[in-house]
Amino acid sequence: MKRQHLALALALLAGPLAASAQEDIPEVLGPKSAAEEEEEEGASKPRKVLTAKDREEALKAEAERKRAEAEAKAKAEAEERARLAAEAEAKRKAEAEAKRRAEEEAAAKAKAAAETKAKAEAEAKRIREEAEAKERAKKAEQEKKRLAAEEKKRKEEEKRLEAERKRMEAEEKKRLAEEEKLRKAEEKRLAAEKRRQEELEKKKAAAEAREAELSKKKEELEAKKKEMEEAKAKLEEDKRQKDAERRATDEAKTKALAEEKERKAREAEEKKRLTLEEKKRALEEEKRALEEEKRRKEEERRAAEEAKRLAAEAKRLEAQQAREAALLAAEQKKAEEPEPPEPKRTVLQPGQPPPPKPPPSHAAAPAPLTPAAYLGGAAPGGLRPAANLDEAKADPRFRAGSVVEDAKVKVVSLATGYPYFGIPQNGCSAGKSFVTGELVGPFDGMAAGTPVVLRIEDPSLGPARAGSSLAFSGLRRAGKGKDGTFVYCGKGTAFPVRR
């Protein structure tokens, strides 16, 4: 009889423990992150291009989300432990009540049986309490280790994100410094080109002055020649008078002949000297003309070499900007990739087979729609009209963000207004001047010849005039017009483009 009571007590003790061990552990629910909510909205939305500021804000939001998930998970686990403790307490009270009724029934049968049953129940209660105390201590230790591991992982993640942010800021500062250096070099080159043009103008003016001086000297020589002819005619007249006088007297004739001979010698010498000087001046003029022609050809050759060098430099800068834009797009795409969700845990029942493992997700996600693919089906000119805001949002460029490359535009006209669908929170200032033009080079996925509209603050920075070709920098996407023309905004900083 004593053995039967002991077996009954052990069975009652083992029953609740087995039932609690076989209970399913509920899945811990936490608040959904912003990335999961964006994923649930639909994968059809194209991803936007993030700036450095957007990436920093996204990293901070991700850290906040992970911290909130950890807190929610800890709170849910604490509630689960409290619920399990309450259930254990309720079961314990029910067992105590059943035990009390059993003791009352057994007391009526026999005192010996009651004493044996009380001893068995006391022993079972002690064993159960010891087992529960050990289990609680074990669970508390495991929970402490888990929380420590999660805190360590969170700190490592924050440290990695901070290092990544500093690296990206350093790269952005380096890129801006290089762009500033290239801009200063271009300004210096343009100033040198302007000085060279001014020097050419001065040399041209000096050559024209020399030519005017030579013409003046030639006129003076003609006047001297005319004076010499008049003097010769006068001398011939004097000769006739002297011949008449010679006939009057032989002495006068001899004297006149001597004077005439001497005068002719002087005239011959003067004529010879003037002829030599004229030939010398002609040779010097010819030599100067040849040197001037040679200098002009040399300057033209240097100008052609400079233009060739500038064209090569422009191509190199365009290639460098294209590489930087591709690198930035790759970094943004990598930063936008979501982390894989944690697999759901399932507690197996005794005899239940394990669930099949999910197949590896090697299938690539559908590639986002690029501007080139979007404009591939556009009408001639690279435009796709947008009758309403929804059609404008279908354009993958209809996302707030800055454009790294410069927009090389041939200005067509300037206006004080232009209707278009604006991008929300595009970061544009209140520019009042709208520059309408055509691209003279690729920009933001559009080919040369595509019309664009620039909303700028100060058109005098270029300056932006009709017919001028300028390269605008520091632009942001502002919106899209109904005819498909895309609108960009900026301060208006630009420099001339040599085509």
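Between E291 and A387, what's the calculated FRET efficiency when r is the beta-carbon distance and R0 is 56 Å? Round to 0.05. Efficiency, rounded to the nearest 0.05: 0.20. Residue by residue, the range 407-415 carries 3J(HN,Hα) couplings of 9, 8, 10, 8, 5, 9, 7, 10, 9 Hz when phi is fed to the Karplus relation 6.51 cos²θ - 1.76 cosθ + 1.60 (θ = phi - 60°); x denotes Gly or Pro. Charges were assigned to the Cβ only: +1 to each Lys and Arg, -1 to each Asp and Glu. The resulting dipole of the range 379-496 about its Cα centre is roughly 100 debye. Per-residue extension of 0.36 nm, minus the Cα-Cα distance of A311 and E199, leaves a gain of 38.0 nm for this segment. For the pair A122 and A58, a Förster radius of 51 Å applied to the C-beta separation gives a FRET efficiency near 0.25, rounded to the nearest 0.05. Sorting L310, L59 by the number of Cβ atoms found within 10 Å of their own Cβ, with the fewest placed first, yields L310, L59.
Across every pair of non-identical alpha carbons in the range 185-335, the mean reciprocal distance, once inverted, gives a Kirkwood radius of 22.8 Å.
Mean separation of Cα pairs under 8 Å and 6 or more residues apart, divided by the residue count, gives the range 379-496 a relative contact order of 34 percent.
Between A72 and R92, full extension at 0.36 nm per residue minus the direct alpha carbon distance yields a gain of 4.2 nm. In plain terms, if you count all Cα to Cα distances in the range 379-496 and split them into 5 Å steps from zero, the share in each step is 2, 13, 24, 27, 21, 9, 2, 0 percent.
With both labels modelled 7 Å from their Cα along Cα-to-Cβ, the A207 to K134 distance reads 10.9 nm.
Between T275 and E227, the FRET efficiency estimated from the beta carbon spacing at R0 = 22 angstrom works out to 0.85. Fewest-first ordering of L176, L214 by other beta carbons within 10 Å of each residue's beta carbon gives L176, L214.
Modelled spin labels at R189 and E171, positioned 7 Å past Cα toward Cβ, are 2.7 nm from each other. Where in the range 147-162 does the amide nitrogen come within less than 14 Å of the point 7 Å from the Cα of E80, taken along Cα to Cβ? Only 147 fall inside the zone, counting backbone N under 14 Å.
Taken together, the values in this text are just the output of simple stated rules run on the coordinates, not laboratory data. On a predicted model such as this, the values are computed, not experimentally measured, just so you know. Glycine also receives a Cβ, built like all others from the backbone with ideal geometry; neighbour counts cover every protein chain displayed.
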